[in-house]
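Chemist: Could you have a look at this structure, given as structure tokens, before my questions?
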Amino acid sequence: MKSNKLALIALLLWVITMAVVAWYFIRGNTAAGTDGRTAIVLRTAERDMILSEMRGLLSATQVIIDGVNQPDRNRIIQSSRSVGMGAAADVNPALMAKFPLAFKTLAFSVHREMDDIAKAAETGKPVAELLTMMSNVLVKCNACHASWQIKAGD
């Protein structure tokens, strides 16, 4: 009888732990922002790294558009691939846990779509299609910046 009680307590603790982990995975480390957006609270070094990645996405976007205008498919391919899923693969899982699920979903879709732009450029898709794809990425960038702010909370 005593072992059944212990097993029940262990199971209950496991369920509570999984619920907390799931809640944290979905919500991330967030707080109310100062301007109506949700603040994702990171350490200063983490914040700097994420903002640097965002600047990298912006720079890649500029190079892609230049590549379309020149036209230089190699620039489009190299720039879009440099910020594709390969760039997102090295992010520390502990840092990823701090992001809300909707942020992670949006961020990964942006990286995937940058890889899609590289593939489309490689296969010779028309520049109008490449620009449409890039425009769709920028819609997601704007949605992200409208929804979240990255806050240092050391």
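Chemist: Please list, or write none, the lysines whose alpha carbon is within less than 30 Å of the alpha carbon of K140, excluding same-chain residues fewer than 8 places away.
Modeler: K98, K104, K119, K125, K151
Chemist: Tell me the Rg and the Dmax, in Å, that the Cα atoms of region 45-132 produce.
Modeler: Here Rg and the maximum Cα pair distance are 13.9, 41 Å.
Chemist: Using a 1.4 Å probe, what is the accessible area per residue for region 72-154, in Å²? Each step should come with its number before you reach the end.
Modeler: On the way: 4230 Å² over 83 residues.
Ligands and nucleic acids excluded, the figure is 51 Å² per residue.
Chemist: Additional query: Rounded to whole Hz and in sequence order, give me ³J(HN,Hα) for region 64-69 from the Karplus expression 6.51 cos²θ - 1.76 cosθ + 1.60, θ = phi - 60°, writing x for Gly and Pro.
Modeler: 4, 5, 4, x, 5, 6
Chemist: Send over the per residue convex hull volume for region 81-125, Cα only, as a whole number of Å³. Please report the intermediate quantities before stating the final value.
Modeler: Values: hull volume 2.3 nm³, N = 45.
Output value, Cα hull per residue: 51 Å³.
Chemist: For N74, what is the net charge nearby, where nearby means another residue's Cβ is under 11 Å from its Cβ and Lys, Arg count +1, Asp, Glu -1?
Modeler: Counting the neighbours of N74, the net charge comes to +1.
Chemist: From largest accessible area down, sort F103, F108; use a 1.4 Å probe on the protein chains.
Modeler: F108, F103
Chemist: When all C-alpha to C-alpha distances in region 1-88 are sorted into bins of 5 Å, what percent of pairs does each bin hold, rounded to whole numbers?
Modeler: 3, 11, 11, 12, 11, 10, 10, 9, 7, 5, 4, 3, 2, 1, 1, 0
Chemist: If you don't mind, another one. State to the nearest 20 debye the size of the charge dipole of region 4-154 about its Cα centre, where the only charges are +1 on K and R beta carbons and -1 on D and E beta carbons.
Modeler: That gives a dipole near 440 debye.
Chemist: Just the C-alpha atoms of the chain: what Rg/Rh do they give, with Rh taken as the Kirkwood radius?
Modeler: Values: Rg = 20.3 Å, Rh = 17.6 Å.
Value, to two decimals: 1.16.
Chemist: I would also like to ask the following. Per the helix-only calculation at 222 nm, which mean residue ellipticity applies to the chain, given -39500 (n - 2.57) for every DSSP H run of n ≥ 4 and division by its residues, nearest 500 deg cm²/dmol? Walk me through the numbers on the way to the answer.
Modeler: On the way: 7 runs with 113 residues, N = 154.
So the calculated ellipticity at 222 nm is -24500 deg cm²/dmol.
Chemist: Would you work out what percent of the accessible area of the chain, with all protein chains in place, is carbon or sulfur (probe 1.4 Å)?
Modeler: Working: 5940 of 9330 Å².
That share works out to 64 percent.
The values are calculated or read from the model by the stated rules, or taken from the named source; none is laboratory data. What you are looking at is a predicted structure, and each value in this text was computed from that prediction instead of being measured. Ideal geometry is used to build each Cβ from the backbone, glycine not excepted, and the neighbour counts take in all protein chains shown. Side chains are part of the model used for accessible areas, which takes the heavy atoms of the whole protein and leaves out ligands, DNA and RNA. Shrake-Rupley method; radii C 1.70, N 1.55, O 1.52, S 1.80 Å.
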